[in-house]
Amino acid sequence: MQAMLSPDDISRYKTQGYLLLNNFLTIDECRTMRERAAALLAAFDPNLNPRLVFHAKGNEHVSNSNLMESTDNISFFFAAHAFSLDGRLLCDKTEAIVKIGHALHDCDPVFQRYSHGPKMHEIARNLGYKRPLIGQSRYFYKLPRLKGVISPHQDSTVLYTEPLSCYAIWLALENATHDNGCLWVIPGSHHMGLRVRVIRDEISGKSRLISLGTFAPLDDSSFIPLEVAAGTAVLFCGELVHKSNQNISTRSRQAYAVHFIEGDKSHKYPVENWLQRPGGFGELHYI
Ligand code: FE2
């Protein structure tokens with residue numbers, strides 16, 4: 001079988017911290033995933049399933065506990081301002097949805113098929129992973145009306161292993177542009193090291209950020225936009241600094257992202273990591 005990533009691809013990934021894989025999905029596959037997400041949302045009744053409803057601020061969960069409670073299910077994150085004080089959704093679900101997560105890869109047959117697909121196995125194998133685990137999966141809507149912003153961060157902050165191993169595969173299901181809130185990255189920033197990690201505070205049980213060193217402030221002018229066509233996969237390292245800006249266009253920027261870590265005995269997922277999934281993270285497997 002031909003390698004998914006050529007030696008040149010791997011070299012660029014190691015240098016830049018990210019790689020664009022054009023035509024990773026066909027337009028039909030993008031549509032299948034969008035339609036599946038729409039069907040999940042349409043079938044979801046926030047009143048009957050309050051445990052699976054979370055409020056989002058900007059484009060993210062309001063508190064880390066939301067992320068923790070959704071590691072092994074399909075939860076729905078809505079814009080906080082779309083709810084009344086007594087918790088009723090004030091508008092149509094499709095106008096307030098921010099994201100769906102964080103176990104679509106395990107709990108839904110369509111997303112399971114793509115998350116555990118042959119290309120995912122090939123990438124893990126080409127990168128040298130022996131026992132890849134899926135840490136989480138997220139479906140982003142990035143609706144223009146909600147104007148969500150994701151501030152600069154590194155994904156290994158939450159999915160921290162020793163040694164570091166997190167990487168993401170971010171699939172553009174619609175064209176991602178400067179105006180509708182594409183990913184922005186600082187090329188090579190993964191070489192600067194991981195700035196913070198999230199651990200569980202022993203006393204309060206809550207999440208706590210700990211600094212991993214002294215770092216120069218991020219230079220906003222170092223970010224570059226990754227404008228990509230629907231069907232493109234963005235493979236990026238867990239230490240790559242990335243963000244996304246407001247969607248100032250009139251259309252959504254839907255995307256699906258899966259995060260992987262190495263589960264081989266050469267790597268450790270520390271017990272003090274704040275993010276823990278009941279029963280542990282599942283292995284990338286063949287469907
Ligand atoms: Fe991220």
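Mind checking the per residue accessible area of the chain for me, 1.4 Å probe, whole number of Å²?
Ligands and nucleic acids excluded, the result is 46 Å² per residue.
Give me the percent of accessible area attributable to carbon and sulfur for segment 97-156, probe 1.4 angstrom.
Roughly 54 percent, rounded to a whole number.
Sorting K243, K14, K93 by accessible area (1.4 Å probe), largest first, what list results?
K14, K93, K243
Highest mean first, how do 272-281, 178-187 rank when packing is the count of other Cβ atoms within 10 Å averaged over residues?
Descending packing order for the listed peptides: 178-187, 272-281.
Determine by what factor the alpha-carbon radius of gyration of segment 81-126 differs from 2.2 N^0.38 Å, reporting the quotient.
Segment 81-126 yields a ratio of 1.78.
For K99, list the aspartates and glutamates whose Cα falls under 16 Å from its own Cα; do not include residues on the same chain fewer than 8 positions away.
Output for K99: E35, D45, E60, E69, D72, D108, E174.
Which value, in Å³ per residue, describes the convex hull spanned by the Cα atoms of segment 154-203?
For segment 154-203, the hull spanned by Cα atoms encloses 129 Å³ per residue.
How many percent of the accessible area of segment 171-265 is carbon or sulfur, using a 1.4 Å probe?
Taking all protein chains in place, segment 171-265 shows 54 percent carbon and sulfur surface.
Given that compact globular proteins tend to follow 2.2 N^0.38 Å, what is the ratio of the alpha-carbon Rg of segment 139-277 to that value?
Taking N as the residue count of segment 139-277, the ratio is 1.11.
Starting at the first residue of segment 105-114, write each ³J(HN,Hα) from the Karplus equation 6.51 cos²θ - 1.76 cosθ + 1.60 with θ = phi - 60°, in whole Hz, x for Gly and Pro.
Listing the rounded values in order: 5, 10, 9, 10, x, 6, 5, 4, 4, 7 Hz.
So for the chain, what percent of the C-alpha to C-alpha distances run longer than 23 Å?
When every Cα pair of the chain is considered, 53 percent fall beyond 23 Å.
Would you tally the net charge around A124, using a Cβ to Cβ cut-off of less than 15 Å, leaving A124 out, and scoring K and R as +1, D and E as -1?
Once positives and negatives cancel, what remains is -1.
Between I287 and L209, how many nm apart are label points set 7 Å from Cα along the C-beta direction?
3.6
Hey, what's the per residue convex hull volume over the C-alpha atoms of segment 79-202, in cubic angstrom?
184
For each pair in K119/K243; K14/K119; K147/K268, compute the distance between the two Cα atoms and list the pairs where it is over 28 Å.
Among K119/K243; K14/K119; K147/K268, the Cα-Cα distance tops 28 Å for K147/K268.
Of F111, F223, F83, which has the largest mean-square fluctuation in a 10 Å C-alpha GNM of the chain?
F83
Using helices alone, what [θ] at 222 nm do you get for the chain, with -39,500 (n - 2.57) per DSSP H run of 4 or more residues, divided over all residues and rounded to the nearest 500?
Helix-only estimate at 222 nm: -5000 deg cm²/dmol.
The values are calculated or read from the model by the stated rules, or taken from the named source; none is laboratory data. Computed from a predicted structure; not experimentally measured. Methodologically, a virtual Cβ is constructed for each residue, glycine included, from the backbone with ideal geometry; neighbour enumeration extends over all protein chains shown. What goes into the accessible areas is simple: the full protein's heavy atoms, side chains included, and nothing from ligands, DNA or RNA. Shrake-Rupley method; radii C 1.70, N 1.55, O 1.52, S 1.80 Å.
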